[in-house]
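Encoded as structure tokens, the structure appears first; notes follow it.
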Amino acid sequence: MSSLNKAMIIGRLGDDPELRQTQSNTSVATISVATTERYKDRNGDQQEKTEWHRVVVWGKLADICDQYLNKGDLAYFEGPIETNKWTDKDGNDRYSTQVKALNMVMLGGNGSGGNSGGDGPQNSGSGTDLSDMDDMDDDLPFTWLIMLFGSGLISWFI
């Protein structure tokens, strides 16, 4: 049997994408994405746990992220998980794990009008209002993905 290395993240950007260029003039964007799990504990009290993910985007998709995504925006990222190893100044081995995003879908702004430009990908007009996704009950974690792919959203495949 073959293996699978694929992460799918829906979350809010912790900051604007950080764009840089490699020596060969390839764009690379680093994006910090927060995902929040909401659940009820044994006492029935609502709890919240936030995880931060490092997402790295390359090439034209990095330029698109830099141009259209802003801090607080809701976005979907998909790609393999990568672990990098390096040696720090003290000679210790260090590791970092990131998602290498091959696909991205813009799901909406942060509510402050930061992502209101008309040039970016939009909902295809299927009638699905994605602005209510934050208010959804998260008892079924895969409900979001079904809504995303069933709603006809445009995504960037580079």
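Summary table below
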read-out: Failed criterion for TRP58 (all others in (1) modelled with pLDDT of 50 or more; (2) exposed (fewer than 13 other Cβ atoms within 10 Å of the Cβ) hold); value: (2)
read-out: Condition check for TYR39: touching a strand residue (DSSP E or B) at 6+ places or on another chain (Cβ under 8 Å), farther than 19 Å from GLY108 by Cβ and either without any contact (Cβ under 8 Å) to a residue 12 or more places away in the chain or not β-branched (Val, Ile, Thr) (or both); value: yes
read-out: Qualifying residue in segment 85-102 (condition: surrounded by fewer than 18 Cβ atoms within 10 Å (Cβ to Cβ), at pLDDT 95 or above and under 10 Å from the mean Cα position of the chain (by Cα)); value: no
read-out: Unmet requirement for ALA75, which otherwise passes all of (1) loosely packed, with under 12 Cβ neighbours inside 10 Å; (2) part of a strand (DSSP E or B); value: (1)
read-out: Output for segment 52-84, where each listed residue is among the basic types (Lys, Arg) and under 12 Å from the mean Cα position of the chain (by Cα); value: ARG54, LYS71
read-out: Those strands (runs of 3 or more DSSP E) lying entirely in segment 1-66 with at least 1 residues among the hydrophobic types (A, V, I, L, M, F, W, C) and closer than 19 Å to GLU78 by Cβ; value: 7-13, 27-40, 46-58
read-out: Pairs, first on the phi < 0 side of the Ramachandran plot in segment 58-70, second surrounded by fewer than 18 Cβ atoms within 10 Å (Cβ to Cβ), C-beta under 6 Å, six or more apart; value: TRP58/VAL28; LYS60/ILE158; LEU61/ILE158; ALA62/VAL28; ASP66/LEU19; TYR68/GLY120; ASN70/ASP16; ASN70/GLY114
read-out: Segment 23-57: number of residues that are hydrophobic (A, V, I, L, M, F, W, C) and touching a helix residue (DSSP H, G or I) at 6+ places or on another chain (Cβ under 7 Å); value: 4
read-out: Answer from SER126, SER131, SER116 - the residue that is at pLDDT below 95 and not in a loop (DSSP other than H, G, I, E, B); value: SER131
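The values are calculated or read from the model by the stated rules, or taken from the named source; none is laboratory data. Since we're looking at a predicted model, the values are computed, not measured. Note that we place each Cβ from the backbone using ideal geometry, even for glycine, and neighbour counts take in every protein chain shown.
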